[in-house]
1. Among the residues of region 111-122, is any closer than 27 Å to L242 by Cβ, polar (S, T, N, Q) and in contact (Cβ under 8 Å) with a residue 12 or more places away in the chain?
2. Do you know which residues across region 243-264 are in a helix (DSSP H, G or I), open to solvent by 60 Å² or more (accessible area, probe 1.4 Å) and of a type in the set (D, E, K, R)?
3. Checking the conditions here, which among L258, L252, L217 is under 27 Å from F6 (Cβ atoms) and in contact (Cβ under 8 Å) with a residue 40 or more places away in the chain?
4. Given the condition open to solvent by less than 80 Å² (accessible area, probe 1.4 Å), out of contact with any helix residue (DSSP H, G or I) (no Cβ under 6 Å at 6 or more places or on another chain) and over 30 Å from L252 (Cα atoms), answer yes or no: does some residue in region 28-37 qualify?
5. Does region 158-195 hold any residues that are in contact with a Ser or Thr (Cβ under 8 Å, 6 or more places away or on another chain) and within 24 Å of D124 (Cβ to Cβ), and which are they?
6. For the list (1) part of a helix (DSSP H, G or I); (2) over 22 Å from the mean Cα position of the chain (by Cα), I need the number of the one condition that E222 fails.
7. Look through S271, S240, S267 and report the one residue that is assigned to a loop (DSSP other than H, G, I, E, B), open to solvent by less than 70 Å² (accessible area, probe 1.4 Å) and of a type in the set (S, T, Y).
Amino acid sequence: MTKDRFYDNTRVSAYKRCPRYFYYRHIKDWAREGTSPPLVFGSSWHEAMDVVWELLSQNKHDHEDVAKAAWLKFNDKWTEEGMTPWEEMDDEEQRRLGARTPMVALEMLYEYIDQRQKILCSEDFELISIEQPFAVPLDPTDESLFYVGRLDKVFRWRGKVLGGEHKTTSSYKRGEPPFRSSFLDSFSPNSQVDGYIHALHMLYGEDAKGIWVDAALVHKTEHSGFAWVPVERQFSQLDSWLNETLTWIEKLENDKTLLQEGSGDKSYLPSFPKNTNNCMDYAGCPYLELCKMWPNPENKDTPLGYKEEHWSPFEKLELAKLGYEEEEDA
């Protein structure tokens, strides 16, 4: 019996960025050692948002208490990810982190609650779910293929179902909204947002309208920078996203098949080719030096500075609870 195959935006985007990058990260399971303050701050902010949305939507909690409860959740995630607790940070570490510190997050939370209460406490607002995992079919001719992910929030606003996606950025400009246009424009087109809109339509049918990106500015002195970025798609646009996603997955699976056929005895890796146009994008590829060293890394051990860290959307989303079975080579 064919087992289900699950693809999320993380893995598909990694392959689109560079097939060799995908190979290192999702076949070899190699990740850079150490922590990334922007990623930790973003994930901690997500945890805080879960508290804010749940409590604020009940419209029966003091806003000071909401902010404090959310900040405690932020700090729990912050330290869980290996960051120094705020009260133990020295001046040098605070300077190194810049705006991405728990105290800046606290200031942001007060401002966020003040701005978002108009919607989250409104009679027109209904919170449907928080951190909702999904697995929706991608191909009507292939019942084993699923697109998976997690919607930060699902809510009903004035009769329509919307998905909410929290995004933090340091992309600041003076004015209103205080975000650079390159950041605001990055959500259209955007494969993650398009995929989530596809999932929303599959889950909620005609009631589904689109995604509201909940943008939050991370800045040392400007703590009130927030904006909604509504994103809607016509069905023809979603069909285009679906076709492109299936095309990338087909290429990815062809590369996996080629790899399984045997390539350890070759002087080069005949699958997962390098996309050298992207070597210096995204602040530089973490595998650049490995590509310079090894034409064929297939039989190499984990190098210094890297750790084995398997990314499994099946495990991350706990899809077993939804009745699915993990593919054998996930």
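1. Residues of region 111-122 closer than 27 Å to L242 by Cβ: none.
No, region 111-122 contains no residue that is closer than 27 Å to L242 by Cβ, polar (S, T, N, Q) and in contact (Cβ under 8 Å) with a residue 12 or more places away in the chain.
2. The initial filter retains those residues of region 243-264 that are in a helix (DSSP H, G or I), namely 243-260.
Okay, now just the ones that are also open to solvent by 60 Å² or more (accessible area, probe 1.4 Å), so 243-244, 248, 250-251, 254, 257-258, 260.
Matches in region 243-264: E244, E250, K251.
3. Working: L258 fails: in contact (Cβ under 8 Å) with a residue 40 or more places away in the chain; L217 fails: under 27 Å from F6 (Cβ atoms).
After applying the criteria, what remains is L252.
4. No.
5. Scanning region 158-195 gives no hits.
6. With respect to (1) part of a helix (DSSP H, G or I); (2) over 22 Å from the mean Cα position of the chain (by Cα), E222 is out only on (1).
7. Values: S240 fails: assigned to a loop (DSSP other than H, G, I, E, B); S267 fails: open to solvent by less than 70 Å² (accessible area, probe 1.4 Å).
Matching residue, one of S271, S240, S267: S271.
The values are calculated or read from the model by the stated rules, or taken from the named source; none is laboratory data. Note that this is a predicted model, so its numbers are computed, not measured. Here the Cβ is made from the backbone with ideal geometry for all residues, glycine too, and neighbour counts use every protein chain on show. Keep in mind that these areas ignore ligands, DNA and RNA; they rest on the heavy atoms of the full protein, side chains included. Shrake-Rupley method; radii C 1.70, N 1.55, O 1.52, S 1.80 Å.
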